[in-house]
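> I have a structure here, written as structure tokens, and I will follow up with some questions on it.
The values are calculated or read from the model by the stated rules, or taken from the named source; none is laboratory data. Quantities reported herein were computed from a predicted structural model and do not represent experimental measurements. Cβ coordinates were reconstructed from backbone atoms using ideal geometry, including for glycine residues, and neighbour counts include every protein chain displayed. Areas reflect the complete protein model, heavy atoms only, side chains present, ligands, DNA and RNA absent. Shrake-Rupley method; radii C 1.70, N 1.55, O 1.52, S 1.80 Å.
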Amino acid sequence: MTPQPSAALSATAPPDLLYSEAEEDLRTAVRSLLTHRGAPTTVLAGAESGRPYDAELWRSLAAGIGTAGLLVPDKLGGQGATARETAVVLEELGRAVAPVPQLTSAVLAVTALLGCDTGDAEVAAPLAALAEGRRVGALAVPLTTPPGGRPAATVRAAAGRRPLLSGEITAVAGAAGADLLLVPADTGLYAVDTGAEGVRITPVTSLDLTRPLARVTLAEAPGSLLAGPGRARDAVDAALLTGAGLLASEQLGVAEWCLEETVRYTGERRQFGRPVGSFQALKHRLAALWLEVASARAVARNAADALATGSPDTAVAVAVAQSYCGEVAVRAAQECVQLHGGIGMTWEHPAHLYLKRAKSAELALGTPGRHRAALARLVDLPGPPD
Amino acid sequence: MSPTDPGPAASADREAVDAAGLRARTAALLAAHDPATTPRPDFLRARFDAGLAWVHFPEGLGGLGAPRALQAVVDAGLAAAGAPGNDPRRIGIGLGMAAPTLLQYGTEEQKRRFLRPLWTGEEVWCQLFSEPGAGSDLAALATRAVRDGDGWRVDGQKVWTSGAHLARWAILLARTDPTVPKHAGLTYFVCDMTDPGVEVRPLRQITGEAEFNEVFLTGVRIPDAHRLGAVGEGWKVARTTLMNERVAIGGSGAPGEAGEGGMLGLVTGTWRGRPELRTHDLHQRLLRLWVEAEAARLTGERLRQQLRRGRPGPEGSGLKLSFARLNQELSGLEVELLAEDGLAYGDWTMTRPEVVDFTGRDAGYRYLRAKGNSIEGGTSEVLLNIVAERVLGLPPEPRTDKDLPWKDLPR
Ligand SMILES: Cc1cc2nc3c(=O)[nH]c(=O)nc-3n(C[C@H](O)[C@H](O)[C@H](O)COP(=O)(O)OP(=O)(O)OC[C@H]3O[C@@H](n4cnc5c(N)ncnc54)[C@H](O)[C@@H]3O)c2cc1C
């Protein structure tokens, strides 16, 4: 009776929504590092110091545990793992609002490079450097760009022996502190050294203190061509899709911390002679939030598994994960602030770091509304004829 | 293991209940009892005796002690051969609630007597739990069971009893000791619905029909052999029933089952088939619900995977909450989408339905019937309490009713 829409219903093997033992081991390693080195007070102090990210923590993660190269095959200098493992790392980083470039360098920049010809030394060399954590990269697109979205081609490349790039890109996450920019321009994707002449990176005072944005200005900056226009578009699309799908796991981690911390606090804080968490008005809100977080986990795992296995349902899984997890993380952070009362409103308490991350991440790589619009096309639920 | 894989020699026994073994047993059943010529009850009994009714049940009780997930192998083989089924919509309470409770707490004799006709549908079951004075606070119930020779005599009133008019047997919770706190004084019985002391009266519902009833119990005789679990342990036994009830309701075709099954499939079908009905507002809401239904489907799938690994997660208590909310919102959206057609209602005639089908009949019926999804089997408010206290470990509300003898509770 119901017409079968394309991707969502294809009868492939059901996704593995659990965590493998190896994935749990990776989680344990990352969590223990973060509890030792990434306490919220450290995170806040780092953010206030104006450092774009915590370089020392990133070294331990990237090179020590190997999180920078998870998505990169062994023979290209990486760990040969998949989006599933990366998702677990991002969950933990979300739980700690850790200021490290996992998403911007190890997911967005790395996936964009993997979409280019990795047999070419111009591609393989920077890829290995990012995978080994020797350098940090950033994909130079506004963080709000959704998968499939065409960032206005603001950068032009003047042909020559060495192409020279000119233009400006706003709201780039991870640009400050990066060594290498991957710049989509009119004639392809280019690698640009941030130390080169003609490159200016201006930090923007950002809503999210733990993932600051910057404006990238290029004035005849030397670049090297990574891929021509067609392939570049596919590479950037793949990066945005992977980034959006894995961001859901980071959002899950943010939501999880907010829920746990709020349950802990309301169970201890006493008013009217009893813990405030014994009042049903709060219990029901937290139980409802728990259900959303449990569902966010299933949805985020589904997206990570689809990306890892190259499932034909990947686009649907990512659109679902982004429309769902972005809102859950924001709700969790908002409840966290509200149910902490006055202390939740302070600079001192870490709740605001999570709220700022959650709200910014909701806009990142496509808002939930944009992802629902994408879904309308993907599962054949068109809007009213105009 | 693939069917051609010889496997280790030592596992010959276990192989009998893997997928290949089940396929062979299914084929043997079909060969011995041609579904085209075998009467339905005979076929179902033979299927039960072959251990293919519910493969995860023990041998001799309709199963083979096989992993639950392998039921799908049997079902697919039987469906392909056009074999008759036991119509779970008719016997949902027996299958979903009575059976798991009998399996866990029944004596050998009780299991042998009750499970076979329960599964084949020859004997329908109902649930005599709720009372006018005891709904969410089920443990406060007042129906009394007193010793009477070698059995019990039961007096009281039950209410909202689905399918009591069709039932041969009931699972019954009654008070055997009013002098102890309410949870401690309960005992669980199997009640014969044909006893002359049982009177069933229809209760008409908001849908127009009467799916549930009030049941008056006057001097009903129950032999002690029909007691399930120890005297005074009724609450413990009932919790098994209630947990299974939530899983049965929450899992009964989650709104997004198999992509777009259930309520979601009905709405998307209309959406695609009748473009003239679409509006921007409905579009936004539909997409939101599509995502939420998909999230609920994946949450259920994740729970099943955890169960298969033997690590049940607490998500189960949440599934019924999502199921109820989504069914209500989707069916409400469907009425709006249908515009003029949404204003019509199929039939208000007072009938006595034989089956319960949340996704059956017309949109108006579905909208109204879905209202029960957040009440039956534990209200959504009560389920949120359970999640908050048992899953999140939040402190309980101060209570005055737990330690007093039941007879001294304010009423
Ligand atoms: C369609 C349908 C079929 C049913 N079938 C059966 C059946 O076959 N057998 C059977 O035994 N029963 C059956 N029931 C009964 C069902 O289990 C009860 O209706 C349910 O448990 C609620 O009890 P109640 O109706 O007494 O409502 P009440 O418990 O009086 O609840 C009234 C309101 O108060 C809220 N409330 C109660 N306690 C709390 C609390 N602690 N915190 C917050 N809110 C609270 C409830 O959520 C509800 O909104 C059926 C019900 C329906 C609707």
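> For a Förster distance of 22 Å, can you work out the FRET efficiency between the beta-carbons of B:ARG390 and B:GLN104, rounded to the nearest 0.05?
Taking R0 as 22 Å, the efficiency between B:ARG390 and B:GLN104 is 0.70.
> Students often forget the sequence filter, so: which aspartates and glutamates lie under 20 Å Cα-Cα from B:LYS402 once same-chain residues fewer than 8 apart are removed?
Within the straight-line cut-off, B:LYS402 pairs with B:GLU131, B:ASP137, B:ASP177, B:GLU233, B:GLU381, B:GLU389.
> Right, here's the next one. Cut-off 13 Å, label point 7 angstrom out along Cα-to-Cβ of A:ALA158: give me the residues of segment A:112-146 whose amide nitrogen falls inside.
none
> Tell me the label-point distance for the pair B:ALA69, A:GLU220, using the 7 Å Cα-to-Cβ offset, in nm and rounded to one decimal.
Inter-label distance under the simple model: 6.4 nm.
> To the nearest 0.05, what FRET efficiency results for A:ARG37 and A:VAL204 with a Förster distance of 22 Å applied to their C-beta separation?
It comes out at approximately 0.25.
> For B:ARG272 and B:ARG23 in the same chain, what is the full-extension length gain: residue separation times 0.36 nm, less their Cα-Cα distance, in nm?
Here the segment from B:ARG272 to B:ARG23 would lengthen by 85.8 nm.
> Within 10 Å of each Cβ of B:282-290, how many other protein chain Cβ atoms are there on average?
5
> For chain A, which cysteines have no disulfide-compatible partner, meaning no other cysteine Cβ under 4.7 Å?
Taking the Cβ cut-off of 4.7 Å, the unpaired cysteines of chain A are A:CYS116, A:CYS325.
> Moving on to the next point. A:ALA55 to A:ARG269: FRET efficiency via 1/(1 + (r/R0)^6), r the Cβ-Cβ distance, R0 41 Å, to the nearest 0.05?
It comes out at approximately 0.65.
> Hey, got the average number of other protein chain Cβ atoms within 10 angstrom for residues in B:296-308?
Across B:296-308, the average partner-chain Cβ count within 10 Å equals 5.
> Please compute how much accessible surface disappears when B pairs with A, both sides summed, using a 1.4 Å probe, and round it to the nearest 100 Å².
4200 Å²
> Related question: Restricting everything to alpha-carbon atoms, can you work out Rg to Rh for chain B with a Kirkwood hydrodynamic radius?
Looking at chain B, the ratio lands at 0.98.
> Using a cut-off of 16 Å between alpha-carbon atoms, which aspartates and glutamates can reach A:LYS359, once sequence neighbours fewer than 8 places away in the same chain are excluded?
Cα-Cα hits under 16 Å: A:ASP208, A:GLU250, A:GLU256, A:GLU327, A:GLU335.
> Can you find, among B:LEU70, B:HIS33, A:ALA106, the residue sitting farthest towards the positive end of the charge dipole of the protein assembly as shown, where Lys and Arg contribute +1 and Asp and Glu -1 at Cβ?
Among B:LEU70, B:HIS33, A:ALA106, the one farthest towards the positive end of the dipole of the protein assembly as shown is A:ALA106.
> Next question. Under a point spin-label approximation (7 Å from Cα along Cα-to-Cβ), what is the B:LEU203-B:ARG304 distance to one decimal in nm?
Rounded to a tenth, the inter-label distance reads 3.3 nm.
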